[in-house]
1. Which count do you get for residues in region 38-49 that are in a helix (DSSP H, G or I) and open to solvent by 80 Å² or more (accessible area, probe 1.4 Å)?
2. Just to be sure before I move on: is Ser14 modelled with pLDDT under 90 and open to solvent by less than 50 Å² (accessible area, probe 1.4 Å) in the structure I sent?
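The values are calculated or read from the model by the stated rules, or taken from the named source; none is laboratory data. Small disclaimer: the values here were computed from a predicted structure and weren't measured. What goes into the accessible areas is simple: the full protein's heavy atoms, side chains included, and nothing from ligands, DNA or RNA. Shrake-Rupley method; radii C 1.70, N 1.55, O 1.52, S 1.80 Å.
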Amino acid sequence: MSNALSKAKGFKKSKSGTYVSMATTAFGALGVAKQIKKARSEHDTLRLIDATVSAVAIVTGFAILYRELKRLGDDDVLLG
């Protein structure tokens, strides 16, 4: 049980966990895209700025996750 628990705790630092985080981030990007489209159609500058800042945060988060994926390389927590 202890081994399974330690693997579960290490999931976030594994390749699989990183892929799940990237998918979640990509899913969030869809919401931001809808928010941008709605703000443009309503000519709402403040919402457009908010959506743009959110989009930049998503791009930054995705870049950090990609860097983590590169760092993991063959040192996958769940595999060994």
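1. So the answer is 8.
2. Against the criterion (modelled with pLDDT under 90 and open to solvent by less than 50 Å² (accessible area, probe 1.4 Å)), Ser14 qualifies.
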